[in-house]
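Working notes, beginning with the structure itself.
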Amino acid sequence: MSSAALSGPRILFRQIREVMAGEGDPERRLQKIVQLIASNMIAEVCSCYLMRAGDLLELFATQGLKQEAVHNTRLRVGEGLVGDIAAHARPLNLSDAQSHPQFAYRPETGEEIYHSLLGVPIKRGGRVIGVLVVQNQTMRVYTEEESEALQTIAMVVAELISSEEMIAATELLDTAGNATKPHRLTGRVLAEGLGIGTAILHEPHIVVRKTIAENIAEEIERLNSAVARLQDSIEDMLSVSDEAFTDESRDIFEAYKMFAHDKSWLKKMTTAVDSGLTAEAAIKRVQDDTRNRMSQITDPYIRERLSDLDDLANRLFLHLDGNIEIDRQHLDQDTVVIARNMGAAELLDYDRVRLKAVVLVEGTRSSHVAIVARALGIPVLGQCAEISKSVEEGDLVLVDGENGQAFLRPSDDVIQTFERSMRHRAERQAKYAALRNKKAVTLDKQPVQLNMNAGLLIDLDNFQDAGADGIGLFRTELQFMVRSQMPKVDEQTELYTKVLDKAKGRPVIFRTLDVGGDKALPYLEMKEEENPALGWRAIRIGLDRPALLRSQLRAMVRAAAGRNLTVMFPMIAEVSEFLEAKAILMREIERESNRTGIKPEAVAVGTMIEVPAIVWQLPQLLKVVDFVSVGSNDLMQFFFAVDRGNSRVTDRYEMLSSGFMSVLRFVAQECNKANVPVSICGDVAGRPLEAMALLGLGYRNLSMSIEGLGPVKEMVRSADTAKIADFVNKLCNMREPTVREQLRAFAKDHSVII
């Protein structure tokens, strides 16, 4: 079978359409279709397997295999070659199928005489609903054109399989995916809170209702018009001056603009329409092909480009026939966004009033979308793998960002219980708001400084009302991560100036660039590393690429002209690294002073305590720093040798273990002896129970996400640090894997509000 032997997709589509429009039993029509495919592609076998309940694929129609195998041959998803195609949702092209390790022989089919095999998934609404296979006796590899043709044919077949008539006649699964039963799903809390709303798919499923074109010229015109509207809409996005569109999101739209004008992408869709598909089917066809080609690529930058192309395909689909793209900035109802994953800037595309929660298939608590969501007070549930298979656009979703669960299509009693929980949470938030202007002072008159973590200008919009004493950690890398090229010094200066302006004289600690590991920069060449968390990242990149560090420090110095500048270096493992980085900063201050005669009013330079090695150099370090800040997330990761992005081990060890608490106590004691200010930032600082333990360990400066400020301040005002210190010191000597319950009992006995 060669590509030249194909009698033309248009002819085959017209024949299939006639069969689909005809009368009679749907299974007989499906049998007629496989006969047409076999004849058109000069294949000795064409078989169609459809999905049954329990993830079983059943042979429903065949030309070439034994007819007695129909409805008798079944394979589990993942079993055999057909099951492998369904499991991975990608084509399989083999010259000798029987030699493949996944081959599963079924004697009732009589397929032992056939060697070459080309199989493709049949998909509807983003889900595999069957598999279409052609086979020949000769050993040969099917051409790329033949593979693409069969994938296009599978889209047409999906239309018949998903028809109500077919479903009713065969008792198939609802292949359109319209589930109606309630579901309770579990996940990992990435940002606390409760939210209720209707589901919006961040990557909406393109559902093609009509596959075969009746008028090719009209379909080409529809496609071209949609492309023009898409390109215009992206231009409009880039021209928006509203502050809601930050520099970060603007750079993402610049990437969309580049891809929206990509000639190769546009030509592929036009070619698909020329072959006989509707504009909708052509968009879906090219999108599926792109996913198949790029899905196995691990390079993070290229994977991000796949996300861009996916998003463009979805937007283009919405522009067909003048459809208006979903206005995410102005939603008409309370909404829960469902996504595989999201970037921090993409979250800002949504209406901040109507967006009530986010549920992710992937995601970690340290991901930037989670960090931004916590700053905005939006609940996020991550690592919820089942959500993509269970949810449909418009489903009612309850997100419990306190206990790590989501409810799809909940019953009335579940809704009532959830709404009561939301009222109780609102009452707690009102109580925290009443504490906003009160001092964080303990019962034994110990003042505690409560600072806020930030990373975007949008964080500072909430700063004034949050009751924070300052910005204990401003993450500068977000501005770098969403751009296709490194931001210039002037662009960085503008950002840092706005941060200091919005802080209105309150302290701001700028952390220099902390990238590498799971935070890649597309324009910085980085080799794939076996252990990226332990590799070339943070200050190591800054010192190896001093121009990068200099440009950032230069921008900070300029932004702080006549004002206080506080800079902190991340991932310091040796005192010499700190001294080298500090020397670069001092040279930039001198350079700016010589250039303009203006320099910061005062400069404080500190370091993060994240690498255990630096803990044992504290006597030397504390002689040369102005302050230190414990990065609890990374310090705990390195202390326990645990990848905090790995869901299999991230919950294995406890911050509230005797061993880790002893290290934190040692750092606080050494800093207090040397009279060097010490703070702690990270998840532990924003949770009342953990924060109570930190008070006992000697910390009086805590930096956290915005939602932690109220609960922690309430705890502080109900605590006696002297009593806590006595108790916590005893716990440090216990060598227990966790002392959480002991701390809970202490809080209850001493009326500490946690």
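Only the coordinates and a few stated rules stand behind these numbers; no lab work does. Not measured: the values here are computed from a predicted model. As a convention, Cβ positions derive from the backbone with ideal geometry for all residues, glycine included, and neighbour counts pool all protein chains shown.
Report the extension gain between LYS623 and ASP726 in nm, rounded to one decimal, defined as 0.36 nm multiplied by the number of residues separating them, less their alpha carbon distance.
34.2 nm
What distance in nm lies between label points placed 7 Å from Cα along the C-beta direction at THR738 and HIS261?
5.5 nm
Using per-residue counts of other Cβ atoms within 10 Å, averaged over each peptide, order 60-67, 147-154, 586-593 from highest down. Spell out each step's value before the answer.
On the way: 60-67: 20.6, 147-154: 22.5, 586-593: 15.6.
Peptide ranking by packing, descending: 147-154, 60-67, 586-593.
Take the alpha-carbon centre of segment 378-396, take the same for segment 650-670, and report the distance between them in whole Å.
Computed from Cα coordinates, the inter-centre distance equals 35 Å.
So, in Å, what gap is there between the alpha-carbon centers of segment 681-703 and segment 76-116?
So the two Cα centres are separated by 57 Å.
Using Cα-Cα distances under 8 Å and only pairs 6 or more residues apart, what relative contact order does segment 3-170 have, in percent?
20 percent.
If packing is taken as the average number of other Cβ atoms within 10 Å across a peptide's residues, how do 553-565, 405-417, 384-396 rank, most packed first?
The packing order, highest mean first, is 553-565, 384-396, 405-417.
What does the C-alpha gyration tensor say about the overall shape of the chain? Classify as rounded when a/c is under 1.5, otherwise prolate if a/b is larger than b/c, or oblate. Write down the numbers at each step before the final one.
Numbers: a/c = 2.23, a/b = 1.92, b/c = 1.16.
Prolate.
Given axes a ≥ b ≥ c from the Cα gyration tensor, I'd like to know whether segment 1-107 is rounded (a/c under 1.5), prolate (a/b larger than b/c) or oblate. Walk me through the numbers before you get to the answer.
Details: a/c = 1.93, a/b = 1.29, b/c = 1.49.
Cα axes put segment 1-107 in the oblate bin.
Just to confirm a number: summing +1 for Lys and Arg and -1 for Asp and Glu over residues other than ILE378 whose beta-carbon lies under 15 angstrom from that of ILE378, what do you get?
Working: positive: ARG328, ARG352, ARG354, LYS356, ARG365, ARG374, ARG425; negative: GLU192, ASP334, GLU346, ASP349, ASP351, ASP400, GLU402, ASP459, ASP461, GLU707.
Neighbourhood net charge equals -3.
ALA426 label point, 7 Å along Cα→Cβ, cut-off 20 Å on backbone N: hits in segment 352-388?
Inside the label zone: 352-358, 376-380.
Calculated from DSSP H runs of 4 or more alone, at -39500 (n - 2.57) each and per residue, what is the 222 nm mean residue ellipticity of the chain, nearest 500?
Calculated at 222 nm, the ellipticity per residue is -13500 deg cm²/dmol.
Under the definition of Cα pairs under 8 Å and six or more residues apart, what whole-number percent is the relative contact order of the chain?
So the answer I get is 10 percent.
Order of 497-508, 603-614, 459-470, 16-27 by packing, highest average Cβ count within 10 Å first?
In descending order of packing, they fall as 603-614, 459-470, 497-508, 16-27.
Could you tell me which residue out of PRO677, VAL575, LEU697 lies farthest along the dipole of segment 435-749 toward its positive end? Charges go on the beta carbon: Lys and Arg +1, Asp and Glu -1, centred on the Cα centre.
Final value for the positive-end residue is PRO677.
Among rounded, prolate and oblate, which fits segment 435-749 when a ≥ b ≥ c are the square roots of the eigenvalues of its C-alpha gyration tensor, a/c under 1.5 means rounded, and a/b larger than b/c means prolate?
prolate
Over segment 435-749, what is the mean sequence separation of C-alpha contacts under 8 Å (at least six apart), divided by residue count, expressed as relative contact order in percent? Each step should come with its number before you reach the end.
Working: 560 pairs, mean separation 61.1, N = 315.
Dividing the mean separation by the residue count of segment 435-749 yields 19 percent.
What distance in nm separates the simple spin-label points at ARG506 and ASP490, each placed 7 Å from Cα in the Cβ direction?
So the label points at ARG506 and ASP490 sit 3.2 nm apart.
How far apart, in nm, are two points set 7 Å out from the Cα along the Cα-to-Cβ line at GLU218 and at VAL649?
Those two pseudo-labels are separated by 6.0 nm.
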